[in-house]
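Colleague: Have a look at this one.
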Amino acid sequence: MWKYCFNTPKDCPLVNDQDPPVVKGDENPERGNWTNKTEYMLSMMGYAVGLGNIWRFPYLTYKNGGGAFVIAYLIMLILCGIPLFFLESAIGQFSSQGPANVWRAVPLLQGVGIGMVFCCFLLSIYYNVIIAYGFFYLCASFQSPLPWSTCLSWANKNCSNKSLVNCNLSGVVRANWTEVNITGSSSNKISVPVQSLSEQYWDHVALQRSSSIEETGPVIWYLALCLLLSSMVVGAALVKGIKSSGKVVYFTATFPYVVLMILLIRGLTLEGARDGIAFYFGSQSNLTKLKEAEVWKDAAAQTAFSLSIANGGLVTLTSYGKFHNNVVTDSIAMTSVNHATSILAGFAIFSILGHMSYIYRVPIGDVVKDGFGLAFIVYPEALTNLPVSSFWSILFFFMIFIIGLDTQFTQLEVICTSLIDAFPKVLKPKQAYVSIGLAFVGFLLGLPLVTKAGIYWVTLMDSFTTTWVALILALMETVGFCFIYGGNRLIADIEMMIGKKSFWFWLWWKACWFFISPCILLAILVWSLKTFTPPSYGGVQLPSWAVALGSCMAALPLVWTPIIAVEKLSRAEGNLWERLKSTCSPSEEWHPFLDVHRGERYSEERCRKRAQNSKI
């Protein structure tokens, strides 16, 4: 099983007359390199900055005390985010291999790398559907007025084109998108729950949402077309691997920042924007929240997830970098950009939500939502109150579409790279077909997620594949490379790339890799498992069979670790201790990809002796 994955380039040569043309200047002509440092950095930035920075971070900031959460978020960046990002980037760049093959360093745990590939595969399926949602709203935004701003045939009987704002007996102001108080006399009051127009549009038009996951219904044709388009764009961008995707990111990685700045500038000019900013990161911040453990848990979890730790993307992207690239400064730069983007997005989002709060005269706490609710319900509702609302809606949803594509590029590249590294002789000359084929498979597997019950499936996959599964993989990665492979050996490998560093330089990284970061990961994992609740959407609880299926999805990336470990032990020689020792030692194939970079430490003779000693 997977025995072909771990052959050396020497043992598994490519057929030269079938190799695709290599761009002049590639340091590694067999695998290829980024055309230049700019394309590499933009690709890393596009992958690290995702939808979670736009629709998850602002909500968590509001929920956890505003400025208090930002402080915790930045501290967790230093203690956990940068060290883990650096670790993954370093092993990918050193070996010039994908997430499966880097585990030649610890053969016993090569199932962790395979699990990362499967985790990335599951993520790519439903992430593509979210991109399709964004593209649908982008197309709908070209209408004027916006379709969710007026009562049409899809709206229910409680629909009103006016902002219904009523006061109850206590003087509390309510709006039509939360609860409408229809009052006659003070003794005769009726409370009627009403969905906002944007929420009705999301449920009845965009999703055509059924009553439960068991009521599947037909495929929604326009969402299927949007899904097909996003799959075609991703497949086309990766048709030549990083050589083509590296050109696309010049636009896709930079344009979202242009949109964020435009939205921020516009938002700050609106009435009520100051109140929104105050709730987000200002006078309304509650610094006493720093005493609560949940704030630190949320900050650490958001750091790990927003940086896409242990999903295989970082290893894949850095595996195409040049060997002597300064991976330390790149890691610090990329993680800082990621967190700065989250904070910038929060200002842009809350300035407009503050205006929405001002218009409806309700507390901003009644406006803020998380995830889909923010991106496809609350924010579209807020945009309808702006002059030339269609223009602002087009900008916002084009940004959502582009940000989603950036992350999807890398997720598909992880799978493509892992397959080509596994079978280079067969698949390298057919890289274009591999990319297009994977995009088509993703489209087919995404079709059940664009049925009338699709949003329940998206919720199920999101709940079980992006939380504690990634935490377990990240924890095993840290243990594997820092404790089993060895911190000193890892540092020696990194110094082969960036040069010798002082004891004091490595003291900080050792403290994080050996103690601080693993403890944080373990604490988040335990907390996540302890507080786990079965997923639901729109007040509809998913049935037990769906939860069981979600557990199987979560187990799919994890089950490879024991399977590969048993397979490696069974093929090793000697008694149990000798087998364990040999499979925990680097294989003969673990070394820099090119001979010129191996030096004396990884010469063929020393690699053979090391392999022989591990068997004794």
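Colleague: Roughly how many Å² is the accessible area per residue of the stretch 202-311, as a whole number, for a 1.4 Å probe?
Modeller: Counting only protein heavy atoms, the per-residue value for the stretch 202-311 is 45 Å².
Colleague: Using 7 Å Cα-to-Cβ label points, what is the TRP221/ALA548 separation (nm, one decimal)?
Modeller: For the pair TRP221/ALA548, the computed spacing is 3.7 nm.
Colleague: Moving on to the next point. So who's got an amide H within less than 5 Å of the one on SER285, skipping anything under 5 residues away but keeping other chains? H placed 1.01 Å off N, in plane.
Modeller: When sequence neighbours closer than 5 places are left aside, the close amide H contacts are GLY67.
Colleague: Taking every alpha carbon pair in the stretch 290-410, what does the distance histogram look like in 5 angstrom bins from 0, in percent?
Modeller: With 5 Å bins starting at 0, P(r) equals 2, 8, 13, 19, 17, 14, 11, 8, 5, 2, 1, 0.
Colleague: Still on this model: State, to one decimal in nm, how far the label point of VAL596 lies from the label point of GLU292, with both points 7 Å from Cα in the Cβ direction.
Modeller: Taking the simple label geometry, VAL596 and GLU292 are separated by 5.7 nm.
Colleague: Here is a follow-up. Would you list the membrane-span-like helices of the chain, meaning whole DSSP H runs whose alpha-carbon atoms span at least 27 Å along their axis and whose mean Kyte-Doolittle value is at least -0.5?
Modeller: 110-140, 327-360, 389-422
Colleague: Got the relative contact order for the chain handy, in percent, Cα pairs under 8 Å and 6 or more residues apart?
Modeller: RCO, the chain: 31 percent.
Colleague: Ignoring ligands, DNA and RNA, what percent of the accessible area of the stretch 402-560 is carbon or sulfur (1.4 Å)?
Modeller: 74 percent
Colleague: Given H placed on each backbone N at 1.01 Å, which residues far from TYR537 in sequence or on other chains put an amide H within less than 5 Å of it?
Modeller: Close amide H contacts, sequence-distant or interchain: LEU542.
Colleague: Next question, about the same structure. Return a whole-number percent for the relative contact order of the stretch 484-603, with Cα pairs under 8 Å and 6 or more residues apart as the contact set.
Modeller: 21 percent
Colleague: Between VAL566 and TYR433, what length in nm is gained on full extension when 0.36 nm per residue of separation is reduced by their alpha carbon distance?
Modeller: 44.5 nm
Colleague: Where in the stretch 382-397 does the amide nitrogen come within less than 19 Å of the point 7 Å from the Cα of ARG274, taken along Cα to Cβ?
Modeller: The answer is none.
Colleague: Let me ask you something else. Multiplying the sequence separation of MET261 and ALA236 by 0.36 nm and subtracting their Cα-Cα distance, what value in nm do you get?
Modeller: 6.1 nm
Colleague: Additional query: Evaluate the distance, in nm, between pseudo-label points positioned 7 Å from the Cα of HIS204 and of ASN326 along their respective Cα→Cβ axes.
Modeller: Inter-label distance under the simple model: 5.9 nm.
Colleague: Please turn the phi angles of the stretch 308-325 into ³J(HN,Hα) values with the Karplus equation 6.51 cos²θ - 1.76 cosθ + 1.60 (θ = phi - 60°), one per residue in order, whole Hz, x for glycine and proline.
Modeller: Values per residue, Gly and Pro as x: 6, 5, 6, 9, x, x, 5, 4, 5, 5, 6, 5, 9, x, 6, 4, 9, 4 Hz.
Colleague: Tell me, what is the per residue accessible area of the stretch 322-456 in Å², probe radius 1.4 Å?
Modeller: 29 Å²
Colleague: Which whole-number percentage describes the relative contact order of the stretch 346-505, with Cα contacts under 8 Å and a sequence gap of 6 or more?
Modeller: Answer for the stretch 346-505 is 9 percent.
Colleague: So which aspartates and glutamates can LYS291 reach, going by Cα to Cα under 17 Å and dropping same-chain residues fewer than 8 places off?
Modeller: Filter leaves no residues.
Colleague: Once amide H atoms are placed 1.01 Å from N in the peptide plane, what residues at a sequence separation of 5 or more from THR451, or on another chain, have their amide H within under 5 Å of its amide H?
Modeller: ILE220
Colleague: Continuing with the same structure: Size of the dipole of the stretch 422-512 about the Cα centre, Lys and Arg at +1 and Asp and Glu at -1 on the beta carbon, nothing else charged, in debye to 20?
Modeller: Dipole of the stretch 422-512, to the nearest 20 debye: 300 debye.
Colleague: Would you kindly calculate the mean projected area, averaged across all directions, of the convex hull enclosing the Cα atoms of the chain, in square nanometres?
Modeller: It is 29.3 nm².
Colleague: Hey, what number do you get for the chain at 222 nm if only DSSP H runs of n ≥ 4 count, each worth -39500 (n - 2.57), divided across all residues, to the nearest 500?
Modeller: -18000 deg cm²/dmol
Colleague: Output the pairs from LYS289/LYS452; LYS322/LYS510; LYS37/LYS510 with a Cα-Cα distance over 31 Å in this structure; if there are none, say none.
Modeller: Flagged as over cut-off: LYS289/LYS452.
The values are calculated or read from the model by the stated rules, or taken from the named source; none is laboratory data. Just so you know, these numbers come straight off a predicted model, no measurement behind them. Positions of Cβ are backbone-derived with ideal geometry, glycine not excepted, and every protein chain shown enters the neighbour counts. Surface accessibility is based on the protein's heavy atoms, side chains included, excluding ligands, DNA and RNA. Shrake-Rupley method; radii C 1.70, N 1.55, O 1.52, S 1.80 Å.
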